[in-house]
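Everything below concerns the one structure shown next.
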Amino acid sequence: MDWQPLAEAALDARRRSYSPYSRFAVGAALLVGSGEIFTASNVENRSYGLTLCAERIAAASAVAGGHLDFVAIAVAAEGHPPARPCGMCLDTLAEFAPDLPVLLINTAGEHEELRLSDLLTQPFRFPVQ
Ligand code: THU
């Protein structure tokens, strides 16, 4: 897996973060089967609960564009180690690719490669009847 284009796209998307309330900027770059990369940043709102995470915007953009075949995602945010995606984003991604390769990266270039299944070990599933 060549993470370079995804890492750069995530860091670039992070620069477009709208996060005046938390001042915590996040960027995401999601690669789909066609080779397209869907990017997004977090978008906050003065009504805080309306805030949209970067990963969920990227996932929704890909799906709305007709791409359900998620290949890999890079997420850029500060933190040592780089910040983990929230549970809502993990469940959103798990809907489409439970074992998705994930690269977490910060602006210092520190990075960590994981699987979605490492971050979300027991995703929600409808109970088998
Ligand atoms: N945020 C994301 O964009 N992705 C996550 O996985 C966790 C949190 C955003 C939401 C909010 O704008 C800021 O980070 C602080 O929570």
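Under a 5 Å amide H to amide H cut-off, with H placed in plane at 1.01 Å, what residues pair with residue 72 once short-range neighbours are removed?
31
Based on DSSP H runs of at least 4 residues, each adding -39500 (n - 2.57), what is the mean residue ellipticity at 222 nm of the chain after dividing by all its residues, to the nearest 500 deg cm²/dmol?
-7500 deg cm²/dmol, from helical runs alone.
How large is the dipole of the range 1-74 about the Cα centre if only Lys and Arg carry +1 and Asp and Glu carry -1, each at its Cβ, rounded to the nearest 20 debye?
420
For the peptides 103-113, 5-15, 89-99, what is the packing order when you average, over each peptide's residues, the other Cβ atoms within 10 Å and list the highest mean first?
Order by mean packing, descending: 5-15, 89-99, 103-113.
Kindly write out, for the range 61-78 in residue order, the coupling ³J(HN,Hα) from the Karplus curve 6.51 cos²θ - 1.76 cosθ + 1.60 (θ = phi - 60°), rounded to whole Hz, with x marking Gly and Pro.
4, 4, 5, 5, x, x, 10, 9, 9, 6, 9, 6, 9, 10, 10, 10, 7, 6
Direction-averaged shadow area of the convex hull around the Cα atoms of the range 48-117, nm²?
The orientation-averaged projected area of the Cα hull of the range 48-117 comes to 5.0 nm².
For every other residue with a beta carbon closer than 15 angstrom to the beta carbon of residue 9, add +1 if it is Lys or Arg and -1 if Asp or Glu, then tell me the sum.
Residues close to residue 9 contribute a combined charge of -2.
Please compute the net charge surrounding residue 68, taking Lys and Arg as +1 and Asp and Glu as -1 over other residues with Cβ under 13 Å from its Cβ.
With Lys, Arg at +1 and Asp, Glu at -1, the neighbours total -3.
Considering only DSSP beta bridges with both partners in the chain, what is the antiparallel share in %, to the nearest 5?
About 75 percent, rounded to the nearest 5.
Hey, can you grab everything whose amide H is under 5 Å from the amide H of residue 26? Only 5+ residues off in sequence or another chain; H modelled, so Pro and N-termini drop out.
Counting only residues 5 or more places away or on other chains, the set is 42.
Computed from the coordinates by the stated procedures, all read-outs in this text should not be read as laboratory data. Just so it is clear, the structure is predicted and the values come from calculations on it, not from any experiment. All Cβ positions, glycine included, derive from the backbone under ideal geometry; neighbour counts span all protein chains shown.
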